[in-house]
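Read through the structure below, which is laid out as structure tokens, and then see the notes.
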Amino acid sequence: MVAMKGAIKATTTLFLLSSLSSSSAFQNYDSVISPAPKESTSFWQVEINEFFKKAVPAPFRQSISIFYEKDDELDPEDFITIITAAPSSPGFPRPLWAVLMASIPTGLFWYAYYKFAVEEELLQTEIKQGKEPRGLGGYGTLGPFTYGLLLGPIAEILDTPGGMQWSLLSGVYLFCSQVLLYERVNDLYHEEGRERPLQAWWSLPLFFPFNIIVGLRQVHFLSQYLSRQRGLKLAKDPVCDLFPFIEVESLTWQQFMVSPKLWCSWFRDIDNLDPNFLLPKDWQPVD
């Protein structure tokens, strides 16, 4: 049943993206951006991305292809521009406040588009930097995931080998791509001479709520990186202002647990807690 809901969500996401692609926001891009040169296919990662791209209808595929901007004319603070911006090179910054505003009301459907866009942009970025890509692009990431979700219920109905396990496998695949995304963002910061901001191991469901925290931080820090690449002023994010732990450059779980001032700006005047409270009573040092 869960897999069936996932399959419905994946199908609905494709419909949502198709609707976005026909909007005036996408059609007006011709005056601002031009198609990017075709990526080198010497990398197997690019070949996989191209393979899954072929299954997408041509008009839809063309509307969300990676673009080079002729001029930096897209408004990075306009909500409609942010949520309809096609993948571009350099990547377009999508701040956390906008990602949440678009994702939550749509049941995370728009987040699927965000995932697609940043995977496409990072693939292009790594190729431009002369590196072997570490990701599979937007199509190579969401394509196998979507097919796996759809294959599970079909295999179960037809009583074919694998059954619903195909849907489970697609979830594992998407999870691994997310962990890799965190590492790639860390690498971008390391190449700038900055601290790696993300703890990739927090993404494990076992470590809730840290898996949510690292996801929020990834969106924020990638947006900040792309803003710097475009020479834009780093705008304050109201979500980060309310929850300071999102924008702390280096955050450990110990630091988070004992620092109420990081949890919420309302607690900014509360002193740090005694770290010993994290230990079982029998393990706490005796004064």
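Check residue 155 against each of (1) touching a Lys or Arg at 6+ places or on another chain (Cβ under 6 Å); (2) free of Cβ contacts under 8 Å to residues at least 12 places away in the same chain and name the one condition it does not meet.
Going through the list (1) touching a Lys or Arg at 6+ places or on another chain (Cβ under 6 Å); (2) free of Cβ contacts under 8 Å to residues at least 12 places away in the same chain, residue 155 breaks only (1).
Run residue 163 past the list (1) surrounded by fewer than 16 Cβ atoms within 10 Å (Cβ to Cβ); (2) modelled with pLDDT under 90 and report the number of the one that doesn't hold.
It is condition (1) that residue 163 fails.
So that you can scan it fast, the table gives a plain yes or no per residue for (1) within 19 Å of the chain's Cα centre (by Cα); (2) hydroxyl-bearing (Ser, Thr, Tyr):
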residue: 83; (1), (2): yes, no
residue: 89; (1), (2): yes, yes
residue: 106; (1), (2): yes, yes
residue: 124; (1), (2): yes, no
residue: 149; (1), (2): no, no
residue: 162; (1), (2): no, no
residue: 174; (1), (2): yes, no
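Test residue 194 against the criterion of being of a type in the set (D, E, K, R), over 30 Å from residue 151 (Cβ atoms), assigned to a helix (DSSP H, G or I) and touching an Asp or Glu at 6+ places or on another chain (Cβ under 8 Å), and give yes or no.
Spelling it out, it is not the case that residue 194 is of a type in the set (D, E, K, R), over 30 Å from residue 151 (Cβ atoms), assigned to a helix (DSSP H, G or I) and touching an Asp or Glu at 6+ places or on another chain (Cβ under 8 Å).
Can you report the number of residues in region 103-115 which are in a helix (DSSP H, G or I) and among the polar types (S, T, N, Q)?
Number satisfying all stated conditions: 1.
Inspect all residues belonging to region 212-221 and state whether any of them is touching a Ser or Thr at 6+ places or on another chain (Cβ under 8 Å) and either touching a residue at least 40 places away in the same chain (Cβ under 8 Å) or of a type outside the set (S, T, N, Q) (or both).
First, pick out the residues of region 212-221 that are touching a Ser or Thr at 6+ places or on another chain (Cβ under 8 Å): 214-215.
Subset that is either touching a residue at least 40 places away in the same chain (Cβ under 8 Å) or of a type outside the set (S, T, N, Q) (or both): 214-215.
Yes, region 212-221 contains at least one residue that is touching a Ser or Thr at 6+ places or on another chain (Cβ under 8 Å) and either touching a residue at least 40 places away in the same chain (Cβ under 8 Å) or of a type outside the set (S, T, N, Q) (or both).
Listed here are the residues, each with its yes/no results for (1) of a type in the set (A, V, I, L, M); (2) in a helix (DSSP H, G or I); (3) within 21 Å of residue 220 (Cβ to Cβ); (4) touching a Leu at 6+ places or on another chain (Cβ under 7 Å).
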site	(1), (2), (3), (4)
117	yes, yes, yes, no
122	yes, yes, yes, no
125	no, yes, yes, no
144	no, yes, no, no
150	yes, yes, no, no
161	no, no, no, no
167	no, yes, no, yes
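I need every pair where a residue in region 185-206 that is exposed (fewer than 14 other Cβ atoms within 10 Å of the Cβ) has its Cβ under 8 Å from the Cβ of a residue that is among the basic types (Lys, Arg) and not in a loop (DSSP other than H, G, I, E, B), sequence separation at least 6 or different chains.
Pairs that qualify, where the first residue is exposed (fewer than 14 other Cβ atoms within 10 Å of the Cβ) and the partner is among the basic types (Lys, Arg) and not in a loop (DSSP other than H, G, I, E, B), are 192/228.
So, residue 30, is that one part of a helix (DSSP H, G or I) and at pLDDT below 65 or not?
On the way: part of a helix (DSSP H, G or I): yes; at pLDDT below 65: yes.
So residue 30 passes the test.
Of all helices (runs of 4 or more DSSP H) completely enclosed by region 44-100, which ones contain at least 2 residues that are touching a helix residue (DSSP H, G or I) at 6+ places or on another chain (Cβ under 9 Å) and modelled with pLDDT under 75?
Values: elements: 44-53, 58-63, 79-84.
Qualifying helices (runs of 4 or more DSSP H): 58-63.
Please go through (1) surrounded by fewer than 16 Cβ atoms within 10 Å (Cβ to Cβ); (2) closer than 18 Å to residue 97 by Cα; (3) out of contact with any Pro (no Cβ under 7 Å at 6 or more places or on another chain) for residue 225 and return the number of the only condition it doesn't satisfy.
(1)
Against the condition under 18 Å from residue 53 (Cα atoms), touching a Lys or Arg at 6+ places or on another chain (Cβ under 6 Å) and either without any contact (Cβ under 8 Å) to a residue 60 or more places away in the chain or crowded, with 16+ Cβ neighbours inside 10 Å (or both), how does residue 139 come out, does it pass?
Considered against the rule, which asks whether it is under 18 Å from residue 53 (Cα atoms), touching a Lys or Arg at 6+ places or on another chain (Cβ under 6 Å) and either without any contact (Cβ under 8 Å) to a residue 60 or more places away in the chain or crowded, with 16+ Cβ neighbours inside 10 Å (or both), residue 139 comes out as yes.
Scan region 228-247 for residues that are in contact with an Asp or Glu (Cβ under 9 Å, 6 or more places away or on another chain), assigned to a loop (DSSP other than H, G, I, E, B) and surrounded by 14 or more Cβ atoms within 10 Å (Cβ to Cβ) and report the count.
5
Residue-wise test of (1) surrounded by 12 or more Cβ atoms within 10 Å (Cβ to Cβ); (2) at negative phi; (3) at pLDDT below 75.
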{"residue": "267", "(1), (2), (3)": "yes, yes, no"}
{"residue": "274", "(1), (2), (3)": "no, yes, yes"}
{"residue": "281", "(1), (2), (3)": "no, yes, yes"}
{"residue": "284", "(1), (2), (3)": "yes, yes, yes"}
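The values are calculated or read from the model by the stated rules, or taken from the named source; none is laboratory data. All values reported here derive from a predicted model rather than from experimental measurement. All Cβ positions, glycine included, derive from the backbone under ideal geometry; neighbour counts span all protein chains shown.
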